[in-house]
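Colleague: Here it is, the structure in full.
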Amino acid sequence: MAIFPPQTRIWWNEPVAKAELVWISVAFLWGLIMFFMMIYWHIYGQQNLSTQVGRIDPAVFEQRTNEFAEKFRIRDEGDTGVPVVRPPPGGDAYMLARTFDWWPVLELEKGKPYKLHISSVDLQHGFSLLPINMNIQVHPGLEHIITITPTEAGTYGVVCNEYCGLGHHQMTGRIYVVEPGQGG
Ligand code: CUA
């Protein structure tokens, strides 16, 4: 109880129980390990996106995305009316967030680099790429430009992981990665 002043005024000179010393050492060592793991993961963990961020007017971003979709549209996604857009390898790809979808659907080639531009035109959303653990906070007025090279063919889901309103749980998108020369 700390209501009364300590009986021994020089409390820090009291001998420390062995078990407590062990636990303090373990906690301290673990803290050190975790600290150096941060540096280790930064270099070897492939956990860092090569991301640039810049300011952009949401209306401008929306217009660029529309132009991009119009130019490189290859088909529609089922009967949803959402275009599937296939940018040239090495080129720019745009995906915008708005309540409540990720637009448009992208089709990328495996092993080819792309500059992926992501921004929001209304509220804060969260770009979460599944099943890959890639997460980006997406704000209106800020554009992420991410250099990516897909390494596996397949269908990737995009979900919103920042609560953005009543349709948040329905806010999904899609990225197809196809073998070079296939798809379309
Ligand atoms: Cu967009 Cu949650």
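The values are calculated or read from the model by the stated rules, or taken from the named source; none is laboratory data. The shown structure was predicted, so the numbers you read here are calculated from the model rather than taken from an experiment. Please note: Cβ atoms are built from the backbone with ideal geometry, for glycine as well, and neighbour counts cover all protein chains shown. Side chains included, ligands, DNA and RNA excluded: accessible areas come from the protein's heavy atoms. Shrake-Rupley method; radii C 1.70, N 1.55, O 1.52, S 1.80 Å.
Colleague: Taking only Cα atoms and a 10 Å spring cutoff, compute GNM fluctuations for the chain and point out the largest among Gln137, Gln124, Gln170.
Modeller: The residue that fluctuates most here is Gln170.
Colleague: What number, rounded to the nearest 500 deg cm²/dmol, is the helix-based mean residue ellipticity at 222 nm of the chain, given -39500 (n - 2.57) per DSSP H run of at least four residues and division by all its residues?
Modeller: Working: 2 runs with 42 residues, N = 184.
My calculation for the chain gives -8000 deg cm²/dmol from helical runs alone.
Colleague: I would also like to ask the following. Suppose all protein chains stay in the model; what accessible area per residue would a 1.4 Å probe give for the chain, in Å²?
Modeller: 65 Å²
Colleague: For the chain, find the longest principal axis of its Cα atoms and tell me its angle to the long axis of helix 18-44, 0 to 90°, nearest 10.
Modeller: Compared with the principal axis, the helix lies near 20 degrees.
Colleague: Return the Cα extents of the stretch 8-150 along principal axes one, two and three, sorted largest first, each rounded to a whole Å.
Modeller: 78, 33, 29
Colleague: How large is the accessible surface of His117 in square angstrom, using a 1.4 angstrom probe and rounding to the nearest 10?
Modeller: 10 Å²
Colleague: Calculate what fraction, in whole %, of the accessible area of the chain sits on carbon and sulfur atoms when a 1.4 Å probe is rolled over the protein chains.
Modeller: C and S fraction of accessible area: 59 percent.
Colleague: Over the stretch 104-175, what number does the Rg to Rh ratio reach, with both radii from the alpha-carbon atoms and Rh per Kirkwood?
Modeller: 0.96
Colleague: Also: Sort 171-178, 70-77 by packing, meaning the average of other beta carbons within 10 Å per residue, with the highest value first.
Modeller: Values: 171-178: 18.9, 70-77: 13.4.
Top to bottom by mean Cβ count within 10 Å: 171-178, 70-77.
Colleague: May I pose another question? Picking from Val85, Val16, Val138, which is most flexible by a Gaussian network model of the chain using Cα springs under 10 Å?
Modeller: Looking only at Val85, Val16, Val138, the biggest GNM fluctuation is shown by Val16.
Colleague: Separate question: Return the aspartates and glutamates within reach of Lys110: Cα separation strictly under 12 angstrom, same-chain partners fewer than 8 residues apart disregarded; answer none if there are no such residues.
Modeller: The reachable aspartates and glutamates, counting only those whose Cα sits under 12 Å from Lys110, are Glu152, Glu179.
Colleague: Just to confirm a number: summing +1 for Lys and Arg and -1 for Asp and Glu over residues other than Pro83 whose beta-carbon lies under 11 angstrom from that of Pro83, what do you get?
Modeller: Neighbourhood net charge equals 0.
Colleague: Considering the chain as a Gaussian network with a 10 Å cut-off on Cα pairs, which listed residue, Thr155, Thr99, Thr80, attains the greatest mean-square fluctuation?
Modeller: Most flexible of the set in this elastic network: Thr80.
Colleague: Does anyone have the angle between helix 58-72 and the longest principal axis of the chain? Alpha-carbon axes, 0 to 90°, nearest 10?
Modeller: 50 degrees
Colleague: How about Lys71: which aspartates and glutamates have a C-alpha closer than 15 Å to its C-alpha, ignoring those fewer than 8 places off in the same chain?
Modeller: Reachable aspartates and glutamates: Glu62, Asp92, Glu107.
Colleague: Going by Cα centres, the stretch 102-134 and the stretch 139-170 are how many Å apart?
Modeller: Measuring centre to centre over Cα atoms gives 5 Å.
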